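I have placed the structure first, in the form of structure tokens, so that the comments after it can refer back to it.
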Amino acid sequence: MNVSSGLAFVPLAISPVYCAAKAGLHSFSESLRVQLKNTKVKVFELAPPATQTELLADFNSEDMKGVSIMKVEDMVKVAVKGMQADRFEIRPGQANQLKMMSRVAPGFILKQMSRSVDRMLRTQN
């Protein structure tokens, strides 16, 4: 199981390297899954949403408005259930919404996800 992120589907402008790495891991997982389709190897990808971990401590509370934060225990339950059901791309909670929005309204979701950078740029001027 590869652990990417809901941010593999939508860039968060304040964390470009993190998002690019997770997008790369998502692409790698998809390619590996195709290459191994005639074997017994299963390639799962877990793309968690914002999860209650130390990583979130660095985020500004203003940036977290409207974000549903998933408990680690709940995310693990969803991941195990997804593997048991042979769902190869597991996107719990808001991660599923991020993937959908990246396809339906990519400009809108990018703008929404870029508010923290916009706020930072305003304070620099």
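Side notes on the structure shown:
- Of all the listed residues (S5, S68), the sole one being free of Cβ contacts under 8 Å to residues at least 60 places away in the same chain and polar (S, T, N, Q) is S68.
- Wholly within the range 33-124, helices (runs of 4 or more DSSP H) carrying at least 1 residues that are under 18 Å from M1 (Cα atoms): 72-84, 94-104
- Hits in the range 71-110 - residues which are touching a residue at least 24 places away in the same chain (Cβ under 8 Å) and among the aromatic types (F, W, Y): F88
- Single residue of the range 4-34 satisfying the filter (among the β-branched types (V, I, T) and surrounded by 15 or more Cβ atoms within 10 Å (Cβ to Cβ)) that is nearest to K111 (Cα to Cα): V10
- When the range 35-69 is limited to residues that are surrounded by 14 or more Cβ atoms within 10 Å (Cβ to Cβ) and modelled with pLDDT of 90 or more, the one that is farthest from S114 (Cα to Cα) turns out to be V43.
The values are calculated or read from the model by the stated rules, or taken from the named source; none is laboratory data. In this text the structure is predicted, and so the values were computed from the model without any measurement. Cβ atoms come from the backbone with ideal geometry, glycine included; neighbour counts cover every protein chain shown.
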